[in-house]
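K.L.:
Take this structure first; my questions come after.
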Amino acid sequence: MTAPLSTVLLTATDGLYSDLYKMAHGEIDVAHAKEDTVMASENHTTGLTRKEKMANLSFAQRRHQLAWRLAQHSKALSHVAGLTAASASSPDFALATKVSTKALQHARTAWVQADEAQDALYFFHAQLFPARQAPHDVYGALDVLQRGEWRDLVTDMKLKTDPYQGSQEYLWTSQQVAEQWHLAVQRKLLTGEVGYIKQQTATTRLWNISLKGGIVTLTQGTPKQIGNDGTPKYPIEAHVTVLSTAEHAEWTLLSIQVEARPKTGESSHQLDPTNRQRFDLHRLCVQAMKREEARAKRKQESGDATDAIAQPLNALFQVAHTFHLSWQLEVLSAQAQALKRGVWATTDSTLHVNPVTFLDNGPIVGTVCIAFWSVDDRYGPPRIGDLTDTNSANNDDNAKSPPSQKDDTAVTNKFVLSIRAESDSGMHVSISGGYAIMETAKSDAIVEKTVKKLLAGASDPFALSASDVLLAATTLCGERKCHAVVQALQYSEPSILPKWMRVSVERGGIAVAARVSFGTQTTESPFVVLFRLECDARTGSFVFTFSRSATLLRMLSCNHPSASDAMALRMAKASQHRQKGMAATATGRFVKDSFDGLTRSMNMLGQRTGVGGEWVNANDAATVLRQRSIRVACADVKASLATCCGVASVYGLSALSLGVATGVTATADMSGGPIELDNGSNLLPMPPVAVVLVQRMIQKTSSVDGDTKKRSFLDRDLFAVSCSVTDDAVTLFGFHATVEMESPASVLTRLEMQPAPLKSPVGIKVDNTGDKGQRPTKRLRTEENGRSSHLTSDLMSQVEELAHVFSATLEL
């Protein structure tokens, strides 16, 4: 007794196709490597096997596995053949027909799995492709092997010889075939989609087309040479041809290649497409071209002349371009996520990155949003605008608005940088205050260059760099932020700053200049830049910077111990519980607190002004409320700026001038604490800067309980400088001081402090024009409204004039 024919047949075919699928996609049972080849077949039955992929085996092992499985399945197929022959001799032909029909239907259904196995073998085992033999006709093969004849030939089949053997084309030479092939492809180009698009002057050409022989090369984008082979590569490159000389022959896609690479030094985060993904892209492109051909054919058959011209090349471009854009978005999103976890992770202003979001409907393929820096959006966020290349032919002043900020990111109180891909126009970048940035780029070459760098980092398929995009975005926002702050401080009506102070935008930062007056000065001195405020790219906070020559001021601003050697010695000798009290009264503490307060107030003002330009108001009163909050922040900035200008005038300008006039380095904490005058002048509550004029050793005798003791003291005559700050002027004052100390580490005692009016030099004319043969300096970048900073001078240009004043006062 044996099983029914249908059961045996289904079991045999299922086992065969299951083995084929496992060899292509899964894992197969392989004998242990320690067993020899003779025992390999026994190991399959004894259980001494392990799971392995076909791709991990050697050529000899793969050949053995194939031979062993063919031997196993041949037994099952012989069993099937025997049962089929036995059933055919019985009179019940209806039952035999039913069983055979069911078996053939099952075999036809399993062909799909066989085709997938063949494709997988092609990609993962290319060396086996020439030797593959698909078991399409199992029954016919068994008949030929056992009976020597093929009995499955249908009776209604009509056989004839190959018509090509007797055609005229059979006699053509290879050159004639190439010429006819070239003519057929050329006719397809001229009479089809390419010729139709060329007649439509308003249509944008998507492909760059070149014909060589019978193959059409389609390229898109700017080529770039990658590697040492010297062959330029295009972002998208396809090869198509026509395989028929018929009038309505369809395009055949030969290959499609898409390239996207990160910038040198950046990472693609292993997002390069696999061979399977490239094969799927090829199949999708073929399907899109076939659907377009079928659509146009239906239009022509129905008599509708609207869009009756088939455009398969356009369909090919849309599929390849969409795949290319989505790939670029994935790379940029992964790079931004890496920045968030890396360099930007240590900042106070955390970077927020929304991963790439793909959209199903509409022209937008997907978006990547990056939120950075803090902004006060209580009354509405800054309006987001597109950045475009000002020299591009596609630049349009009336460009469509980007997606709303609510759609871009759920993060509030942040500037937004949005990168979106559109299927019809490529990559676009939007940023908070984009419209104001583009207005500035029309007249500022540096801003225009930065915009181009940002667009290149987001849209250049061979140099994708999220770090370049983010750095350029922060540079642009920092530039606009400085202009907005200066506009609020300097040019508001009525003016907030006093008349002796001026702020201006220079070199992408804010230069703070003041007109410093002194003593019996008769002429009005120019504005001198005392310090600058730069915008930090990572946090968006303002950072104060000083002239390279103002060493003392730079040390005091960070409360460095080397700024005052005398204070460092006193603190080292003092007890631990007294060191904190001495540090609180040190000059460095006062200077650092003053500039830290300025940084906080400037950051608050910068968050309220944003990057200028337009805002998306939350309600009708938003504009008035925003202006009121800006005015309140400006008042705090005014007070901090006035204090810091006085500090910079004393420890920066005056310290340098004293050193030039006397040849002695001016230091802090040498003449005691803050000076209080009886004439009503309100000096800043900070120790003055001083230089030593005369110092001598003196001895003092004291008697205690009849014992006489002599103690030595260091007596110093000093010249000190302090200043007062009012709404009318910042004024320098000179003093003659006498102090004494028992040791360099002891606390000094101020014995005398007399005002010393500063005298203007007589008969000395300071030449600030410089040498005629001197190399011309670079022109400074001025403000966008044309009010410039050329009326201000550098700190060192004022040092010489003030040094002559100190020399005249000290009669040197």
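The values are calculated or read from the model by the stated rules, or taken from the named source; none is laboratory data. As the structure is a computational prediction, the values presented were derived from the model and not from experiment. All Cβ positions, even for glycine, are placed from backbone atoms using ideal geometry, and neighbour counts span all protein chains on display. Calculation scope for accessible area: heavy atoms of the full protein, side chains included, ligands and nucleic acids excluded. Shrake-Rupley method; radii C 1.70, N 1.55, O 1.52, S 1.80 Å.
K.L.:
Regarding the range 302-324, can at least one residue be identified that is within 30 Å of ARG600 (Cα to Cα), surrounded by 15 or more Cβ atoms within 10 Å (Cβ to Cβ) and of a type in the set (Ser, Thr, Tyr)? Walk me through it before giving the result.
P.N.:
Step one: of the range 302-324, the residues within 30 Å of ARG600 (Cα to Cα) are none.
Checked against the condition, which is being within 30 Å of ARG600 (Cα to Cα), surrounded by 15 or more Cβ atoms within 10 Å (Cβ to Cβ) and of a type in the set (Ser, Thr, Tyr), the range 302-324 yields no hits at all.
K.L.:
Would you confirm whether any residue within the range 681-694 is among the hydrophobic types (A, V, I, L, M, F, W, C), open to solvent by 10 Å² or more (accessible area, probe 1.4 Å) and part of a loop (DSSP other than H, G, I, E, B)? Talk me through it step by step, then tell me what you get.
P.N.:
Within the range 681-694, the first condition is being among the hydrophobic types (A, V, I, L, M, F, W, C), and the residues that meet it are 683-684, 686, 689-694.
Still in the running and open to solvent by 10 Å² or more (accessible area, probe 1.4 Å): 683-684, 692-694.
Filter once more, keeping what is part of a loop (DSSP other than H, G, I, E, B): 684.
Checked against the condition, which is being among the hydrophobic types (A, V, I, L, M, F, W, C), open to solvent by 10 Å² or more (accessible area, probe 1.4 Å) and part of a loop (DSSP other than H, G, I, E, B), the range 681-694 yields at least one hit.
K.L.:
Continuing with this model, one more query. Take the range 212-238 and flag every residue that is of a type in the set (A, V, I, L, M) and modelled with pLDDT under 90. Quick ask: steps written out before the conclusion?
P.N.:
Within the range 212-238, the subset of a type in the set (A, V, I, L, M) is 215-216, 218, 226, 236, 238.
Once the filter is applied, which keeps residues that are of a type in the set (A, V, I, L, M) and modelled with pLDDT under 90, the range 212-238 yields only ILE226.
K.L.:
State whether one or more residues within the range 591-610 are assigned to a loop (DSSP other than H, G, I, E, B), aliphatic (A, V, I, L, M) and either at pLDDT 90 or above or open to solvent by less than 40 Å² (accessible area, probe 1.4 Å) (or both).
P.N.:
Restricting attention to the range 591-610, the residues satisfying the condition of being assigned to a loop (DSSP other than H, G, I, E, B) are 610.
Still in the list and also aliphatic (A, V, I, L, M): none.
Taking every residue of the range 591-610 in turn, none turns out to be assigned to a loop (DSSP other than H, G, I, E, B), aliphatic (A, V, I, L, M) and either at pLDDT 90 or above or open to solvent by less than 40 Å² (accessible area, probe 1.4 Å) (or both).
K.L.:
Now a separate question. Test each condition in (1) of a type outside the set (Gly, Ala, Ser); (2) part of a helix (DSSP H, G or I); (3) surrounded by 17 or more Cβ atoms within 10 Å (Cβ to Cβ) for LEU206 and report the one that comes out false.
P.N.:
(2)
K.L.:
Still on this structure, I have one more. Please pick out the residue among THR191, THR201 that is modelled with pLDDT under 75, loosely packed, with under 14 Cβ neighbours inside 10 Å, under 48 Å from the mean Cα position of the chain (by Cα) and farther than 30 Å from VAL8 by Cβ.
P.N.:
THR201
K.L.:
I'm trying to understand the selection: among the residues of the range 462-474, which are of a type in the set (A, V, I, L, M, F, W, C) and either touching a helix residue (DSSP H, G or I) at 6+ places or on another chain (Cβ under 9 Å) or buried (at least 24 other Cβ atoms within 10 Å of the Cβ) (or both)? Steps first, please.
P.N.:
Looking only at the range 462-474, we keep the residues that are of a type in the set (A, V, I, L, M, F, W, C), and these are 462-464, 466, 469-473.
Selection gives ALA463, LEU464, ALA466, VAL469, LEU470, LEU471, ALA472, ALA473.
K.L.:
Considering each residue of the range 485-503, count those that are open to solvent by 10 Å² or more (accessible area, probe 1.4 Å) and closer than 21 Å to SER374 by Cβ, and give that number.
P.N.:
Summing the residues that are open to solvent by 10 Å² or more (accessible area, probe 1.4 Å) and closer than 21 Å to SER374 by Cβ in the range 485-503 gives 2.
K.L.:
Tell me, yes or no, whether the range 640-661 has at least one residue that is over 30 Å from PRO381 (Cβ atoms), of a type in the set (A, V, I, L, M, F, W, C), part of a loop (DSSP other than H, G, I, E, B) and modelled with pLDDT under 95. Before you say what the answer is, go through the steps one by one.
P.N.:
First pass over the range 640-661, keeping only residues over 30 Å from PRO381 (Cβ atoms): 642-661.
Still in the list and also of a type in the set (A, V, I, L, M, F, W, C): 642, 644-645, 647-648, 650, 653, 655-656, 658, 660-661.
With the extra rule that they be part of a loop (DSSP other than H, G, I, E, B), the set shrinks to none.
Checked the range 640-661: no residue is over 30 Å from PRO381 (Cβ atoms), of a type in the set (A, V, I, L, M, F, W, C), part of a loop (DSSP other than H, G, I, E, B) and modelled with pLDDT under 95.
K.L.:
Does ALA60 satisfy being farther than 15 Å from TYR21 by Cα, out of contact with any strand residue (DSSP E or B) (no Cβ under 9 Å at 6 or more places or on another chain) and either modelled with pLDDT of 75 or more or not in a strand (DSSP E or B) (or both)? Let's see the steps before the verdict.
P.N.:
Numbers: farther than 15 Å from TYR21 by Cα: yes; out of contact with any strand residue (DSSP E or B) (no Cβ under 9 Å at 6 or more places or on another chain): yes; either modelled with pLDDT of 75 or more or not in a strand (DSSP E or B) (or both): yes.
So ALA60 fits the description; yes.
K.L.:
Also: Could you tell me how many of the residues in the range 689-715 are closer than 28 Å to GLY588 by Cβ and without any contact (Cβ under 8 Å) to a residue 40 or more places away in the chain? Walk me through it before giving the result.
P.N.:
Looking only at the range 689-715, we keep the residues that are closer than 28 Å to GLY588 by Cβ, and these are 689-695, 713-715.
Narrowing further to those that are without any contact (Cβ under 8 Å) to a residue 40 or more places away in the chain: 691-692, 694-695, 713-715.
Residues flagged as closer than 28 Å to GLY588 by Cβ and without any contact (Cβ under 8 Å) to a residue 40 or more places away in the chain within the range 689-715 amount to 7.
K.L.:
Considering only the range 462-483, state which residues are free of Cβ contacts under 8 Å to residues at least 60 places away in the same chain and charged (D, E, K, R).
P.N.:
The one that is free of Cβ contacts under 8 Å to residues at least 60 places away in the same chain and charged (D, E, K, R): GLU479.
K.L.:
What residue, of CYS482, CYS477, is at pLDDT below 95, surrounded by 22 or more Cβ atoms within 10 Å (Cβ to Cβ), in contact with a Cys (Cβ under 9 Å, 6 or more places away or on another chain) and farther than 22 Å from THR390 by Cα? Can you show your working first?
P.N.:
Working: CYS477 fails: farther than 22 Å from THR390 by Cα.
After applying the criteria, what remains is CYS482.
K.L.:
Scan the range 792-812 residue by residue and report those that are open to solvent by less than 100 Å² (accessible area, probe 1.4 Å), modelled with pLDDT under 85, farther than 11 Å from GLU506 by Cβ and not polar (S, T, N, Q). Working first, answer last.
P.N.:
Narrowing the range 792-812 to residues open to solvent by less than 100 Å² (accessible area, probe 1.4 Å): 792-810.
Applying the additional criterion that residues be modelled with pLDDT under 85 yields 792-797.
Then drop every residue that is not farther than 11 Å from GLU506 by Cβ, which leaves 793, 795-797.
Once the filter is applied, which keeps residues that are open to solvent by less than 100 Å² (accessible area, probe 1.4 Å), modelled with pLDDT under 85, farther than 11 Å from GLU506 by Cβ and not polar (S, T, N, Q), the range 792-812 yields LEU795, MET796.
K.L.:
Counting only residues that are at pLDDT below 90 and acidic (Asp, Glu), which one in the range 251-286 is least open to solvent (accessible area, probe 1.4 Å)?
P.N.:
Across the range 251-286, the extreme among qualifying residues is GLU266.
K.L.:
So which pairs qualify, if the first residue must be in the range 354-366 and in contact (Cβ under 8 Å) with a residue 24 or more places away in the chain, the second must be in a strand (DSSP E or B) and among the aromatic types (Phe, Trp, Tyr), the Cβ gap must be under 9 Å, and the two must be at least 6 apart or on different chains?
P.N.:
From residues that are in contact (Cβ under 8 Å) with a residue 24 or more places away in the chain, the pairs are VAL365/PHE358; GLY366/PHE358.
K.L.:
Now, a different point. Counting just the residues of the range 228-274 that are under 24 Å from the mean Cα position of the chain (by Cα) and among the hydroxyl-bearing types (Ser, Thr, Tyr), which one comes out farthest from ALA458 (Cα to Cα)?
P.N.:
Per the stated criteria, the residue is TYR234.
K.L.:
What number of residues within the range 225-268 satisfy the criterion of being outside any strand (DSSP E or B) and aromatic (Phe, Trp, Tyr)?
P.N.:
From the range 225-268, those outside any strand (DSSP E or B) are 226-231, 234-235, 243-250, 259-261, 263-268; that's our starting set.
Of the ones still in play, those that are also aromatic (Phe, Trp, Tyr) are 234.
Summing the residues that are outside any strand (DSSP E or B) and aromatic (Phe, Trp, Tyr) in the range 225-268 gives 1.
K.L.:
Do you know which residues across the range 432-483 are more than 30 Å from TYR234 (Cα to Cα) and in a loop (DSSP other than H, G, I, E, B)?
P.N.:
Of everything in the range 432-483, those that are more than 30 Å from TYR234 (Cα to Cα) and in a loop (DSSP other than H, G, I, E, B) turn out to be GLY433, LYS442, SER443, ASP444.
K.L.:
Is it true that some residue in the range 338-349 is free of Cβ contacts under 8 Å to residues at least 60 places away in the same chain, crowded, with 20+ Cβ neighbours inside 10 Å and under 15 Å from the mean Cα position of the chain (by Cα)?
P.N.:
As a first pass, look at the range 338-349 and keep what is free of Cβ contacts under 8 Å to residues at least 60 places away in the same chain: 340-342, 345-346.
With the extra rule that they be crowded, with 20+ Cβ neighbours inside 10 Å, the set shrinks to none.
No, that holds for no residue.
K.L.:
While we're here: Out of ALA81, ALA55, report the one residue that is buried (at least 16 other Cβ atoms within 10 Å of the Cβ) and either at pLDDT 80 or above or not charged (D, E, K, R) (or both). Don't jump to the end; show me each part of the working.
P.N.:
Working: ALA55 fails: buried (at least 16 other Cβ atoms within 10 Å of the Cβ).
Criteria check complete, one pass: ALA81.
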